[in-house]
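Enquirer: Take this structure first; my questions come after.
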Amino acid sequence: MKEDFWRFTGVVLVSLLAGVVTGHTALWLLAGLALIVIWHYRVFRQLLLWLQRPEESRPPELAGLVDEICREVDFLMSHHKHREEKLSAMLRRFQEATAALPDAVIILGEYGVIEWANEKARDYLGIRWPQDGRQRITNLIRHPDLVAFISGRQPGEAAGSLQLDSPVSADMKLEFRITPYGGKQKLLVASDISSVVHANQVRKDFIANASHELWTPLTVIAGYLEAFSSDRETCPESWEPQIRQMRRQTERMQRLIGDLLKLSSLEIGTDPGPAETVPVPDLLNGICLEAQTLSGIMEHIFYLESDTTLWLRGNPGDLYSAFSNIVFNAVQHTPERGVIRIRWYADGNGAHFEVRDNGEGIAPEHIPRLTERFYRVDKGRSREKGGTGLGLAIVKHVMARHGGSLHIESTVGKGSTFRCNFPEKKIITRENDSSKSLSA
């Protein structure tokens, strides 16, 4: 800036001096100012030419303040170019990494517009990049479930993922997952789960077929053992302990196979038939009587509180399996003369079946795995009490089929609470003389 000042001052002084000598001061001042304007015009023109093609030449050597502006612009442009190269390198690495993934990866913009896709997207979904860029994915894959999934309208527990057949091959099963990011953008990932689905189906078919095949011979064996135990003439008295033990083990195997068949039908998704109006209070009265019989000499104290106007729409057999498994588990894991409270009620969140006991309780690390098939907290004691390890797995599937959920709370040494939650749409309110029944 000082250089510009002294340059301007020098031109003005020389012009004044020449004007005084020649007697034409105004004319010489005008000529000096014109010279300054022409010089600045030349400087700014050089700057403009460089800004228009900065990559073709180095910054021009200019004087004064314009030179400082030029150097600052050159620094900013170099910094921007470096950032641009860095971002381009990161984008290339991202594209190379996603191209190596075994899953189809698609970046969706607003309204589901395809902004980028990897090679697997072509193999799994038939989406080609860049040919299909800027098109809506729902225009290329026309499936109502996928449309609802991408728009976030998919209800229920499956909202985190979606399983569909591949539009490229009917033999390929895909699992879709979606992650929002960057405002209105979404990352859609489609994984090939054909082998997993096939393995699960083979396992389910094997369990179902094996259970069916074992049921008949076990029934025959149980019949002969019952005949032996009742025929005092042909069965020596010394055989009775062995026969009683065989009968107990046969009954245990029959319970196990019965639970396997029930669980298989729930997992395979066998059509439960049309939903029926289920009188839950009557169902619970029968289960409570069975539980008292099962309790026997343990003399548990039962409390049943149920809203007699509160019924459900669902499958009676499935609901009986779920409720009875929870109640019978409480009987098996509550000490002698322990208290078991059964409650059936409704609130603003739907209908609830709750079983609370003061038994041994369950450690926190076991609770997340209780609904796994054959999982037992104490394997030895569970087998001694005749448990199959499938009861809560059945409950979980029954609740999923009825749009509900199972909630478990427990404290070691104080007892456990099992609660089945049903949505409001499953509730049926019936008129009755008494709104609640209480028994012990």
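Enquirer: Among Thr309, Tyr375, Gly413, which residue has its Cα positioned farthest towards the positive end of the charge dipole of region 276-439, with +1 placed on the Cβ of Lys and Arg, -1 on the Cβ of Asp and Glu, and the dipole taken about the Cα centre?
Expert: Tyr375
Enquirer: Pairs to check: Lys173/Lys204; Lys396/Lys426; Lys173/Lys425; Lys204/Lys396; Lys81/Lys184; Lys120/Lys186. Give those whose C-alpha atoms are more than 22 Å from each other in this structure. All intermediate terms of the calculation are to be shown ahead of the outcome.
Expert: Numbers: Lys173/Lys204 17 Å; Lys396/Lys426 17 Å; Lys173/Lys425 32 Å; Lys204/Lys396 16 Å; Lys81/Lys184 27 Å; Lys120/Lys186 17 Å.
Pairs exceeding the cut-off: Lys173/Lys425; Lys81/Lys184.
Enquirer: Then there is this: So how tilted is helix 25-52 from the main axis of the chain? Cα-based, degrees 0 to 90, rounded to 10.
Expert: 30
Enquirer: Can you tell me which of Val14, Val355, Val196 moves the most in a GNM of the chain? Springs connect C-alpha atoms under 10 Å apart.
Expert: Looking only at Val14, Val355, Val196, the biggest GNM fluctuation is shown by Val14.
Enquirer: Ignoring the sites themselves, what is the longest stretch of the chain with no trypsin sites (Lys or Arg not before Pro) in a DSSP loop and at most 15 other beta-carbon atoms within 10 Å? Walk me through the numbers before you get to the answer.
Expert: On the way: sites that count: Arg128, Arg134, Arg142, Arg153, Lys184, Arg232, Arg337, Lys385, Lys414, Arg430.
That would be 1-127.
Enquirer: Using only DSSP helix segments of four residues or longer, with each worth -39500 (n - 2.57), what per-residue ellipticity at 222 nm results for the chain after dividing by its residue count and rounding to 500?
Expert: Numbers: 12 runs with 220 residues, N = 440.
Using -39500 (n - 2.57) per qualifying helix, the result is -17000 deg cm²/dmol.
Enquirer: Determine ³J(HN,Hα), in whole Hz, for all residues of region 136-142 in sequence, where each value follows from phi through the Karplus function 6.51 cos²θ - 1.76 cosθ + 1.60 and θ = phi - 60°; x replaces Gly and Pro.
Expert: Running phi through 6.51 cos²θ - 1.76 cosθ + 1.60 with θ = phi - 60° gives 6, 5, 6, 7, 8, 10, 8 Hz.
Enquirer: Now, a different point. Going by C-beta contacts inside 10 Å, put Tyr224, Tyr320 in order with the fewest on the left.
Expert: Tyr224, Tyr320
Enquirer: So, one more: For Ser238, Ser166, what's the fewest-to-most ordering of other Cβ within 10 Å of each Cβ?
Expert: Numbers: Ser238 7, Ser166 19.
Lowest to highest Cβ neighbour count: Ser238, Ser166.
Enquirer: Starting from region 315-360, pick out the GluC sites (Glu not before Pro) whose DSSP state is loop and whose Cβ has at most 14 other Cβ atoms within 10 Å. Walk me through the numbers on the way to the answer.
Expert: Numbers: sites: Glu336, Glu354, Glu360; in loops: Glu336, Glu360.
Here the GluC sites (Glu not before Pro) that fit, given the DSSP loop and packing criteria, are Glu336.
Enquirer: Give me Glu290, Glu85 ranked fewest to most by other Cβ atoms within 10 Å of their Cβ, as a rough exposure proxy.
Expert: Details: Glu290 14, Glu85 10.
Going from sparsest to densest Cβ surroundings: Glu85, Glu290.
Enquirer: Assign one of three labels to region 338-378, namely rounded, prolate or oblate, based on the Cα gyration tensor with a ≥ b ≥ c the square roots of its eigenvalues; rounded applies when a/c is under 1.5, prolate when it is not and a/b is larger than b/c, and oblate otherwise.
Expert: Values: a/c = 2.75, a/b = 1.55, b/c = 1.77.
Cα axes put region 338-378 in the oblate bin.
Enquirer: Under the rule a/c < 1.5 gives rounded, and otherwise a/b versus b/c splits prolate from oblate, where does region 76-143 land using the Cα gyration tensor? Provide the component values of the computation, followed by the final result.
Expert: Details: a/c = 3.67, a/b = 1.85, b/c = 1.98.
Oblate, since a/c reaches 1.5 and b/c is not below a/b.
Enquirer: Still on this structure, I have one more. Any idea what the dipole of the chain comes to, in debye rounded to 20, about its Cα centre with Lys/Arg Cβ at +1 and Asp/Glu Cβ at -1?
Expert: Numbers: 52 positive and 55 negative charges, 188 e Å.
Here the chain has a charge dipole of around 900 debye.
Enquirer: Pairwise over distinct Cα atoms, reciprocal of the mean inverse distance: report the Kirkwood radius of the chain in Å, one decimal place. Write down the numbers at each step before the final one.
Expert: Values: mean 1/r = 0.0336 Å⁻¹.
Every distinct Cα pair counted, the radius reaches 29.8 Å.
Enquirer: Next up: Under 25 °C and 0.890 mPa s, how fast does region 196-268 diffuse according to Stokes-Einstein, given a Kirkwood radius computed over C-alpha pairs? Answer in µm²/s, whole number.
Expert: Values: Rh = 13.9 Å.
Reported coefficient: 177 µm²/s.
Enquirer: Mind running the shape call on region 255-363? Use the C-alpha gyration tensor, a ≥ b ≥ c as the square roots of the eigenvalues: rounded below 1.5 for a/c, prolate if a/b tops b/c, oblate otherwise. Don't jump to the answer; show the numbers that get you there.
Expert: On the way: a/c = 1.96, a/b = 1.28, b/c = 1.53.
Cα axes put region 255-363 in the oblate bin.
Enquirer: Work from the charge dipole of the chain (Cβ charges, +1 for Lys and Arg, -1 for Asp and Glu, about the Cα centre) and give the residue of Pro236, Phe94, Val395 farthest towards its positive end.
Expert: Highest projection toward the positive end goes to Phe94.
Enquirer: Once label points are set 7 Å from the Cα along Cα→Cβ at both Ala227 and Arg93, what is their separation, rounded to one decimal in nm?
Expert: That separation, rounded to one decimal, is 7.8 nm.
Enquirer: What is the list of residues in region 404-424 whose amide nitrogen lies under 19 Å from a point 7 angstrom out from the Cα of Glu372, following Cα to Cβ?
Expert: 406-410
Bear in mind that the values in this text are calculations on the coordinates, not laboratory data. None of the values given here were measured: they were computed from a predicted structure. With ideal geometry, Cβ positions are generated from the backbone for all residues, glycine too; neighbour counts draw on all protein chains shown.
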